[in-house]
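Notes follow once the structure below has been shown.
Derivation of every value follows stated rules applied to the coordinates shown; laboratory data play no part. Treat the numbers as computed from the prediction; the structure is a model and nothing was measured. For neighbour counting, all protein chains shown are included, and Cβ atoms are generated from backbone atoms with ideal geometry for every residue, glycine included.
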Amino acid sequence: MAAKAAILQRDNGATIAYHHSPGAAPGVVFCTGFKSDMQGGKALALEAHCRAAGQQFTRFDYQGHGQSSGDFVAGTIGEWLGDTLAVLDAVAAGSQIVVGSSMGGWIALLAGRARPEKVAGIVGIAAAVDLTRRLWNRIDEATRSILQSDGVWIRPSEYDPAGYPITMKLIEEGRNHLLLPGPIPFAGPVRLLHGQRDDAVPWQLSLDTAAALAGDQVEVTLIKDGDHRLSRDEDIARLLRTVADVTGRLKAGPSILRDRSATSG
């Protein structure tokens, strides 16, 4: 029987459902995608990986997602970022690697900017940086008129038969959190994984994000036959290797940089 989620009470009365496994630092915090939840395959695989390694792990649902309180349609990037920061502050202990899938990749980068003392590394999976701006720029005038008059538009999606409700509030509030063209003030190790058959987030966005990051410890991995979700067995294995690599580099600390400079030239 699955363990019952713990609850984090936000100051606004919202309840954030989460699962936390204690262990060594750096811990791992998983940020889900748009209208997704913490029961997905990547989150559960990371949890099992971290438990086996004795590494701390946290997964959670934003407001309006999964087991947390709130109405999805009322949500914004700022609200979901606030949930992430609350989990980092109140649940996750010590330094953390924030892993974000799709929209969660954007939120991971925002969290790194907001909590540089807490977020030591970031792994993005098809990171949908600035997705609200890209969405607004891609829709036609008729759809914009619907959004402006009705406040909401149901965007068709192959991932959900009911479609995704997109609100004007989401678009407008998202402008407060845009990261590109940068610079993005984060100096820790960042790994960006992206499938080149992604039909939701263009893989070139990961290259733009890497270029915008202020730090030099940035690597982009393009998977030629990978889709948006990157949830095949080989994709999950790659994600786990990537998180283990970032973990090892953070544990090695400055010595890895000294070793690299000593062998260069």
### Query
Thr221 to Val152: extension gain in nm, 0.36 nm per residue of separation minus the Cα-Cα distance?
21.3 nm
### Query
Cα centroid distance between region 81-145 and region 11-63, in Å?
14 Å
### Summary
So for R0 = 35 Å, FRET eff. of Ile7-Ala214 from the Cβ-Cβ r, to 0.05, ends up at 0.45
#### Entry: Top of Met168, Met38, Met103 by mean-square fluctuation, Gaussian network on the chain, Cα under 10 Å
Met168
### Message
Just to confirm a number: summing +1 for Lys and Arg and -1 for Asp and Glu over residues other than Ala210 whose beta-carbon lies under 13 angstrom from that of Ala210, what do you get?
### Response
-2
### Message
For Leu178, what residues show an amide H to amide H distance below 5 Å, using hydrogens built from the backbone and excluding near sequence neighbours?
### Response
none
### Query
Taking N as the number of residues in region 1-106, what value does Rg over Cα atoms divided by 2.2 N^0.38 Å take?
0.98
### Message
Please compute the length gained on full extension between Glu234 and Thr15, using 0.36 nm multiplied by the number of residues separating them and subtracting their Cα-Cα distance.
### Response
75.4 nm
### Task
Rank by packing, highest mean first: peptides 169-175, 142-148, with packing defined as the count of other Cβ atoms within 10 Å averaged across residues.
169-175, 142-148
### Message
Normalised radius of gyration for region 65-122, please: alpha carbon Rg relative to 2.2 N^0.38 Å, two decimal places.
### Response
1.11
### Query
Considering amide H positions built from the backbone, and no H for Pro or chain starts, which residues 5 or more places from Arg155, or on another chain, come under 5 Å of its amide H?
Tyr164, Ile166
### Inverse mean reciprocal Cα-Cα distance (Kirkwood Rh) of the chain, Å
18.8 Å
### Query
Per residue Cα convex hull volume for region 138-185, in cubic angstrom?
108 Å³
### Message
What does the extension gain come out to for Ala244 and Ser69, with contour length at 0.36 nm per residue minus their alpha carbon separation?
### Response
59.7 nm
### Query
Cβ under 13 Å from Thr143's Cβ, Thr143 left aside: what net charge do those residues give with Lys, Arg +1 and Asp, Glu -1?
0
### Task
State the antiparallel share, in %, of DSSP beta bridges confined to region 56-199, rounding to the nearest 5.
35 percent
### Message
Could you give each residue of region 12-21 its phi-based ³J(HN,Hα) in whole Hz, using Karplus coefficients 6.51, -1.76, 1.60 with θ = phi - 60°, and x for Gly or Pro?
### Response
7, x, 5, 10, 9, 7, 8, 10, 10, 10
### Query
Which whole-Hz couplings ³J(HN,Hα) result when phi for each residue of region 108-116 is put into the Karplus expression 6.51 cos²θ - 1.76 cosθ + 1.60, θ = phi - 60°, listed in order with x for Gly and Pro?
4, 5, 5, 5, x, 6, 7, 10, x
### Task
Give the dimensionless ratio obtained when the Cα radius of gyration of region 70-224 is divided by 2.2 N^0.38 Å.
1.06
### Task
Please identify, among Asn137, Asn176, Asn12, the residue showing maximal mean-square fluctuation in a Gaussian network model of the chain using a 10 angstrom Cα cutoff.
Asn12
### Query
When you count, for each residue, the other Cβ atoms within 10 Å and take the mean per peptide, how do 124-131, 226-233 rank with the highest first?
124-131, 226-233
### Message
With θ taken as phi - 60° and the coefficients 6.51, -1.76 and 1.60, list the Karplus ³J(HN,Hα) couplings across region 144-156 in order, rounded to whole Hz; mark glycine and proline as x.
### Response
4, 5, 4, 4, 6, 8, 9, x, 8, 9, 8, 8, x
## Note on the structure
Rounded to the nearest 500, the 222 nm mean residue ellipticity computed for the chain from DSSP H runs (n ≥ 4, each -39500 (n - 2.57)) alone is -12000 deg cm²/dmol
### Task
Any lysines with Cα under 25 Å of the Lys35 Cα? List them, leaving off those in the same chain fewer than 8 positions away.
Lys4, Lys169
#### Entry: Computed label-point distance, nm, for sites Tyr159 and Asn137 using a 7 Å Cα→Cβ extension
2.0 nm
### Query
Taking amide hydrogens as modeled 1.01 Å from N in the peptide plane, which residues meet the under 5 Å criterion relative to Leu213, leaving out close sequence neighbours?
Ile184
